[in-house]
Amino acid sequence: MTNDDWSKLVDTSDEWITTRTGIKERHFAAPGQAASDLVKIAAEKALEDAGIDKDEIDVIIVGTVNADNNYPSTGNWVQKKMGMKPVPSFDISAACSSFLYGLILGDSLIKSGAAKTVLVSSAEIMSQIIDWEDRNTCVLFGDGAGSAVLRESDGEEGILSSCWGADGNLGDLLVQPAGGSAMPPTEETLARKLHTVHMKGNEVFKHAVLRMQEASMKAMELANLSSEDIDLFIPHQANLRIIDATIRRAKIPLEKTYITVDKIANMSGATIPVSLDMARREGRIKEGTTVLTSAFGAGFTWGGLVIQF
Ligand SMILES: CC(C)(COP(=O)(O)OP(=O)(O)OC[C@H]1O[C@@H](n2cnc3c(N)ncnc32)[C@H](O)[C@@H]1OP(=O)(O)O)[C@@H](O)C(=O)NCCC(=O)NCCS
């Protein structure tokens, strides 16, 4: 769906969206597709790419803000739809940071010996939870899913460092107010569209820059690396201006920064795995490439990792 498509539905323009956000187009799931359906597509491709059979997976982690149901978890539906073994399956709710949270958790499970092979995915169907009449938010998001298969490495490669954090005091700045136990769905909440994304964009913007910069710098520091040692930076892609401000503060060159926001918009937690896959397919990530990634999202939550491929 292009910016011009949106301009037929709300009072906006390609010019406004492009200059304020860098977004040109986004993709939406088909009617009837649930988060688990998107994970299934991504996970099957990831398993094939890794040359690993689904029966070798011993933990399934899914990050999402729009789970199939409040319960069972999307991870459980993925297990069923993919015909997987009855291994532990669960969801992570960390919004745009959920894939990085999943990587950090999966890495810890492997390092502790609790798991050998972990499937980490994120799937988001933002098109179902945006207010299609609110130009302030509707143009910013896209749908998608990405998956990674994690396994112990015997060489130098792998997750070299990670950091994560959250500040629940700022939860109200980006929230889906209704639909949970704090505000169960009623006719009134539906009429007032309280089941959609509510965001104070300007405030979120400032915190996003600060936390993405901090997480990026912390992850590099923990890996004993500087931005000169990083081959590719894959930031969460909410807004090109957030990315610009982050790289300027963290002193990461633009040439090393991988931008996908123009093509996929903000796919919340799915942004980073999809961007990682796009970078691999374009040859920007090869064996030996050192990738820095960082994210920020509702909660607020944030995280950063350095990954040696
Ligand atoms: C949402 C965001 C793009 C808005 O950009 P901004 O430069 O801060 O713009 P403002 O909020 O100051 O709004 C400026 C004007 O544009 C208008 N506007 C908002 N959306 C618009 C749209 N799609 N098209 C045209 N005009 C729009 C506003 O109504 C406002 O008009 P007004 O001055 O008459 O009230 C920006 O704040 C942002 O990206 N924030 C982070 C949001 C985010 O990515 N969250 C997820 C984090 S993971």
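The values are calculated or read from the model by the stated rules, or taken from the named source; none is laboratory data. Values in this document were obtained by computation on a predicted structure and should not be read as measured data. Here Cβ is always computed from backbone atoms with ideal geometry, including for glycine, and neighbour counts include all displayed protein chains.
Among residues of segment 176-222 being basic (Lys, Arg), assigned to a helix (DSSP H, G or I) and over 17 Å from the mean Cα position of the chain (by Cα), the one that is surrounded by the fewest Cβ atoms within 10 Å (Cβ to Cβ) is 206.
Which is under 23 Å from residue 286 (Cα atoms), modelled with pLDDT of 95 or more and within 12 Å of the ligand (Cβ to nearest atom), of 235, 253? Answer to the selection: 235.
Is there any pair with a first residue in segment 66-90 that is farther than 22 Å from residue 114 by Cα and a second that is part of a loop (DSSP other than H, G, I, E, B) whose Cβ atoms are under 6 Å apart and which are 6 or more apart or on different chains, and what are they? Final answer for the pair search is 66/129; 68/34; 77/68. The set of residues from segment 141-166 being over 18 Å from the mean Cα position of the chain (by Cα) and in a loop (DSSP other than H, G, I, E, B) comprises 152, 153, 154, 155, 156, 157.
A quick yes/no check of all residues on (1) more than 16 Å from the ligand (Cβ to nearest atom); (2) more than 20 Å from residue 98 (Cα to Cα); (3) of a type in the set (A, V, I, L, M):
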position	(1), (2), (3)
162	yes, no, no
167	no, no, no
192	yes, yes, no
196	no, no, no
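Confirm whether residue 287 is surrounded by fewer than 16 Cβ atoms within 10 Å (Cβ to Cβ) and part of a loop (DSSP other than H, G, I, E, B). Break it down stepwise before answering.
Numbers: surrounded by fewer than 16 Cβ atoms within 10 Å (Cβ to Cβ): yes; part of a loop (DSSP other than H, G, I, E, B): yes.
Yes, satisfied.
Of the residues making up segment 25-33, at least one is within 15 Å of the ligand (Cβ to nearest atom) and touching a residue at least 12 places away in the same chain (Cβ under 8 Å). Listed by position, the helices (runs of 4 or more DSSP H) inside segment 67-140 whose residues that are within 16 Å of the ligand (Cβ to nearest atom) and modelled with pLDDT of 95 or more number at least 2 are 98-112, 135-138. Number of residues in segment 9-22 that are aliphatic (A, V, I, L, M) and within 9 Å of the ligand (Cβ to nearest atom) equals 2. Quick check: anything in segment 218-230 touching a residue at least 60 places away in the same chain (Cβ under 8 Å) and within 12 Å of the ligand (Cβ to nearest atom)? No - not one qualifying residue is present in segment 218-230.
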